[in-house]
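In what follows, a single structure is set out as structure tokens and then discussed.
The values are calculated or read from the model by the stated rules, or taken from the named source; none is laboratory data. Just so we're clear, the structure is a prediction, and the values are computed from it rather than from any experiment. As a convention, Cβ positions derive from the backbone with ideal geometry for all residues, glycine included, and neighbour counts pool all protein chains shown.
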Amino acid sequence: MKEYFKNAWSALFTIFVGMKVTFKHLFVPAVTIQYPDVKLQLPERERNRLYVNMDDCIGCDQCARACPVDCISIETVKGLPGEDLGKTSNGKRKALWVTKFDIDFAKCCYCQLCVFPCPTECIYMTDVYEFSEFERSNLIYDFVTLTPQEREEKKINYAKFEAEKAAAKLAPAAVKPAESKEAPKP
Amino acid sequence: MNVYDIIFYLFAAITILSAFFVVTTRNIVYSAYYLLFTFFGVAGIYVLLGADFIAMVQLIVYVGGILILLLFGVMLTNRITSVEIRSGSIHVVPATIGVALFAGILLASMWNTEWKSVDTAAPAATTQNLGFLLIHQYTLVFELLGILLLIALIGAASMARK
Amino acid sequence: MIYDFFLKITGSNILASIIQSLLPLFIFILPFALFAVWLERKVSAHMQDRLGPMRVGKHGWLQTVADILKLIQKEDIVPNDADKPLFNIAPILVFVGSYAVFAAIPFSGAFIGSNIDLGIIFIIAASGFVVAGILMAGWASNNKYSLLGAMRSAAQIISYEIPTVLVVLTIIMITGTTNLATLSEMQTGHFWNWMIFGGPNFGIAKFIFIPFMIINFIIIYISTLAEVNRTPFDIPEAESELVSGYHTEYSGMKFAMFFLAEYANMFAVSAIVTALFFGGYQSPIGYLGNLFGAHWLIPIEQFIWFTAKGIFFVFVQMWLRWTLPRLRVDQLMAACWKYLIPIAFVNLIIIGLITVL
């Protein structure tokens, strides 16, 4: 009998204790961050969308080789001998036209492995993390600064140059001119 | 024909139609739910008769209690839908005699009763008078009925324990 | 009364009755459900140190309107193997049951759906339809979770109706009336005339009543909480075990009807508690209308007081929901049959003795 009333009382009493706790929490300021309006300060070394500074890129393909998921694809064309391709910011002379530098962010795993091998530190992580798209193909980013016509032009120029060189090499011999017309592309 | 007549016929129709379906439908659960509407219709008719307390008790006891118990019983049996409900006709002659007798009694009482056809005033609340009657005039009957119910309850409980 | 007012305007008693019976739905239940859903989400959020809906309107106050708009556009799915007629009737029956309760609730001195003499008994009777509807929904869905939820719900509602009725009986014994409007009128004046403070008759009995009244109030609050299937008594729709109980298979507006019925029920039981123990629509401190001599103001004030008290108890229901974990089935039944009913019985006997002496 005594335990019966003790049970009833403790049930009632503990309900009120619990209610006190929840009532206090009613006035504790919320910890919610109103995301699109208020954004959390990200740490300095956060890893988000990659960026390639094409002014510095020498087209060395090291980042593409380092990538574990093969999301970077690079194509380059050699510059012509007389052409000045400019210099990178740490003084290296560029020798290749980069005609394709695509990063597929649908594949990218944000591991940052591509950043370290870069000799000119032209590929790096930014703090942009809101880049969702409706089409998966929109997630393939093209970083090349040249226009499509320019890229074609560079390719044709180099092919022409190669052809001319081959022709010049073959000219003295003048044997089988048709054989090496098809210059192997780099 | 005023509004009350229309309401009366509505309730009467609900009662009779659903009572008819209770008997004829093949699905036990449907039967039980038609019974709900029968009880509801009867409660409505009680209200129109001015027996407000009886109507409420009808709803509490039958809809809230007995019907729910019935539904529980039906739903706890397996094979609810495929239960064979036998509705063939057997013992036609005794049944006819019984029904004829019963109908005769009903009709006789209907013809021999003097029905009030004058408009009466809106019926007053009956609860208080009912309570007085139960406690003053019919105390013994009331208590005896209570004891009977208690005995039935205890008996049911002891039978269920075996 | 509001009926006479409409009778004067329309000149037809049928039209007046129809308007009067629709009035609680449109001026009360729908806005209340909208508000209560929003309140529920806000209260739950703030008790968990969150914010809750914030984007539709200021602090999300239009969120429920947006949700209703979404529900209206949703496809009305009826499962293939469901019992179609019963499946369609069930939400209506549940809603009718919880709406019928509002006919007898005295919102204010001038606004009570039907001033029937058996108000409180009628409310108990009408809630029987809710049980039938819930069982119907559970069975017609042809889903084991629905059926289990419906069974649990019905068992729970029936069990907890007993302590509710016992407490109601004590109040009937003290006041000698089952009419909720009369009951509210009796508790007029100031808050010390409320039933929880021993009722309007000043005397030695009043002070003896107080502890028993508080126990009564706690019992009826717990049992009505169980009757509307709210946490900690929400085993009929326990999400972790039964998906969502008897309305698992419902979608669109039929689901909305269950939802509306649930919130209407929440207010209805709060209103019963208010009317029985906390003075109904009576103000605890007197009326502004009396102060300024503007008597037309009093019913409006009474309505505001009644809704405020009702919403306070709804808030306490939500508060309990976010405080207590769910009971097991055996605990639920033990709480009812071993604790609430015996205590309510003893209370009934003691209060009966005090009333007689």
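Enumerate the pairs (first residue in the range C:62-73 and closer than 13 Å to C:F35 by Cα; second residue anywhere and surrounded by fewer than 16 Cβ atoms within 10 Å (Cβ to Cβ)) with beta-carbon separation below 7 Å, excluding pairs fewer than 6 apart on the same chain, so at least 6 apart or on different chains.
From the range C:62-73, the pairs are C:L62/C:V56; C:Q63/C:V56; C:A66/C:V56.
So which residues in the range C:69-97 are within 14 Å of chain B (Cβ to nearest Cβ) and either within 22 Å of B:V61 (Cα to Cα) or in a helix (DSSP H, G or I) (or both)? Give the steps one after another, and end with the answer.
Quick first cut of the range C:69-97, residues within 14 Å of chain B (Cβ to nearest Cβ) only: C:81-90, C:92-94, C:96-97.
Residues satisfying the conditions are C:K84, C:P85, C:L86, C:F87, C:N88, C:I89, C:A90, C:I92, C:L93, C:V94, C:V96, C:G97.
C:I120 fails exactly one of the following numbered conditions: (1) without any contact (Cβ under 8 Å) to a residue 40 or more places away in the chain; (2) among the β-branched types (V, I, T); (3) in a helix (DSSP H, G or I). What is the number of that condition?
Unmet for C:I120, out of (1) without any contact (Cβ under 8 Å) to a residue 40 or more places away in the chain; (2) among the β-branched types (V, I, T); (3) in a helix (DSSP H, G or I): (1).
Within the range B:6-63, how many residues turn out to be within 14 Å of chain C (Cβ to nearest Cβ), among the small types (G, A, S) and surrounded by fewer than 18 Cβ atoms within 10 Å (Cβ to Cβ)? Outline the logic, then answer.
Residues of the range B:6-63 that are within 14 Å of chain C (Cβ to nearest Cβ), as a first pass: B:6-7, B:10, B:14, B:18, B:21, B:25-44, B:46-48, B:50-63.
Subsequent filtering for residues that are among the small types (G, A, S) retains B:18, B:31-32, B:41, B:43-44, B:50-51, B:55.
Next, only the ones that are surrounded by fewer than 18 Cβ atoms within 10 Å (Cβ to Cβ) stay: B:50-51.
Adding up the residues that qualify gives 2.
Which members of the range C:156-206 meet the condition of being in contact (Cβ under 8 Å) with a residue 24 or more places away in the chain and aromatic (F, W, Y)?
Result: C:Y160, C:F191, C:W194.
Residue check: is C:Q282 assigned to a helix (DSSP H, G or I) and among the polar types (S, T, N, Q)? Working first, answer last.
Values: assigned to a helix (DSSP H, G or I): no; among the polar types (S, T, N, Q): yes.
For C:Q282, the condition - assigned to a helix (DSSP H, G or I) and among the polar types (S, T, N, Q) - is not met.
What's the number of the condition C:T307 fails, among (1) modelled with pLDDT of 85 or more; (2) more than 16 Å from C:P24 (Cα to Cα)?
(2)
Can you pull out every residue in the range C:190-237 that is surrounded by fewer than 19 Cβ atoms within 10 Å (Cβ to Cβ) and part of a loop (DSSP other than H, G, I, E, B)?
C:H190, C:P200, C:N201, C:F202, C:G203, listed by residue number.
Name the residue that is nearest to the other protein chains (Cβ to nearest Cβ), counting only residues in the range C:131-147 that are assigned to a helix (DSSP H, G or I) and surrounded by fewer than 20 Cβ atoms within 10 Å (Cβ to Cβ). Give the steps one after another, and end with the answer.
Initial filter on the range C:131-147 (assigned to a helix (DSSP H, G or I)): C:131-140, C:144-147.
Going one step further and asking which of them are surrounded by fewer than 20 Cβ atoms within 10 Å (Cβ to Cβ), we end up with C:144-145.
Values: C:K144: 12, C:Y145: 14 Å.
Restricting to residues being assigned to a helix (DSSP H, G or I) and surrounded by fewer than 20 Cβ atoms within 10 Å (Cβ to Cβ), the top hit is C:K144.
With the structure loaded, tell me whether C:L353 is more than 14 Å from chain A (Cβ to nearest Cβ) and surrounded by fewer than 20 Cβ atoms within 10 Å (Cβ to Cβ) or whether it fails that test.
On the way: more than 14 Å from chain A (Cβ to nearest Cβ): yes; surrounded by fewer than 20 Cβ atoms within 10 Å (Cβ to Cβ): yes.
Answer is yes for this residue.
Residue by residue, here is whether (1) surrounded by fewer than 14 Cβ atoms within 10 Å (Cβ to Cβ); (2) in contact with a strand residue (DSSP E or B) (Cβ under 7 Å, 6 or more places away or on another chain) holds:
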| site | (1), (2) |
| --- | --- |
| A:G59 | no, yes |
| A:C63 | no, yes |
| A:A66 | no, no |
| A:R93 | yes, yes |
| A:W97 | no, yes |
| A:K100 | no, yes |
| A:M125 | no, yes |
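On the given criteria, is C:Q63 over 25 Å from C:V316 (Cβ atoms), crowded, with 18+ Cβ neighbours inside 10 Å and either within 14 Å of chain A (Cβ to nearest Cβ) or not acidic (D, E) (or both)? Please lay out each step first, then the result.
On the way: over 25 Å from C:V316 (Cβ atoms): no; crowded, with 18+ Cβ neighbours inside 10 Å: yes; either within 14 Å of chain A (Cβ to nearest Cβ) or not acidic (D, E) (or both): yes.
Here the answer is no, as C:Q63 does not meet what is asked.
Condition test on B:I80, is it out of contact with any Gly (no Cβ under 6 Å at 6 or more places or on another chain) and at pLDDT 85 or above? Lay out the reasoning, then the answer.
On the way: out of contact with any Gly (no Cβ under 6 Å at 6 or more places or on another chain): yes; at pLDDT 85 or above: no.
Spelling it out, it is not the case that B:I80 is out of contact with any Gly (no Cβ under 6 Å at 6 or more places or on another chain) and at pLDDT 85 or above.
For the range A:26-34, check the following and say yes or no: at least one residue is more than 27 Å from the chain's Cα centre (by Cα), more than 29 Å from C:F315 (Cβ to Cβ), of a type in the set (S, T, Y) and surrounded by fewer than 16 Cβ atoms within 10 Å (Cβ to Cβ).
The initial filter retains those residues of the range A:26-34 that are more than 27 Å from the chain's Cα centre (by Cα), namely A:26-34.
Next, only the ones that are more than 29 Å from C:F315 (Cβ to Cβ) stay: none.
No, the range A:26-34 contains no residue that is more than 27 Å from the chain's Cα centre (by Cα), more than 29 Å from C:F315 (Cβ to Cβ), of a type in the set (S, T, Y) and surrounded by fewer than 16 Cβ atoms within 10 Å (Cβ to Cβ).
Would you pick out the residues in the range A:65-92 that are within 18 Å of A:L146 (Cβ to Cβ), not in a loop (DSSP other than H, G, I, E, B) and not acidic (D, E)? Break it down stepwise before answering.
We begin by selecting, within the range A:65-92, every residue within 18 Å of A:L146 (Cβ to Cβ); these are A:72-80, A:83-88.
When the remaining residues are screened for being not in a loop (DSSP other than H, G, I, E, B), the result is A:72-78, A:87.
If the condition is that a residue be within 18 Å of A:L146 (Cβ to Cβ), not in a loop (DSSP other than H, G, I, E, B) and not acidic (D, E), then A:I72, A:S73, A:I74, A:T76, A:V77, A:K78, A:K87 are the ones that fit.
For the subset of the range B:29-50 comprising residues that are small (G, A, S) and at pLDDT 85 or above, which member is farthest from B:D5 (Cα to Cα)? Don't jump to the end; show me each part of the working.
Initial filter on the range B:29-50 (small (G, A, S)): B:31-32, B:41, B:43-44, B:50.
From what's left, at pLDDT 85 or above: B:41, B:43-44.
Values: B:G41: 14, B:A43: 16, B:G44: 12 Å.
Selected residue: B:A43.
Has the range C:111-128 got at least one residue that is β-branched (V, I, T), within 20 Å of B:V29 (Cα to Cα) and within 14 Å of chain B (Cβ to nearest Cβ)?
Kept after step one, since they are β-branched (V, I, T), are these residues of the range C:111-128: C:112, C:116, C:120-121, C:123-124.
Going one step further and asking which of them are within 20 Å of B:V29 (Cα to Cα), we end up with none.
Within the range C:111-128, not a single residue is β-branched (V, I, T), within 20 Å of B:V29 (Cα to Cα) and within 14 Å of chain B (Cβ to nearest Cβ).
Which one of the conditions (1) out of contact with any helix residue (DSSP H, G or I) (no Cβ under 7 Å at 6 or more places or on another chain); (2) in contact (Cβ under 8 Å) with a residue 24 or more places away in the chain does A:E150 fail to meet, given that it meets all the rest?
Among (1) out of contact with any helix residue (DSSP H, G or I) (no Cβ under 7 Å at 6 or more places or on another chain); (2) in contact (Cβ under 8 Å) with a residue 24 or more places away in the chain, A:E150 violates only (2).
State yes or no: is C:I298 in contact (Cβ under 8 Å) with a residue 12 or more places away in the chain and farther than 16 Å from C:A181 by Cα? Step through it out loud before you land on a result.
On the way: in contact (Cβ under 8 Å) with a residue 12 or more places away in the chain: yes; farther than 16 Å from C:A181 by Cα: no.
No, not satisfied.
For the range A:1-30, give me the residue count where each residue is facing another protein chain (nearest Cβ under 8 Å) and either charged (D, E, K, R) or within 28 Å of A:M125 (Cβ to Cβ) (or both).
Result for the range A:1-30: 0.
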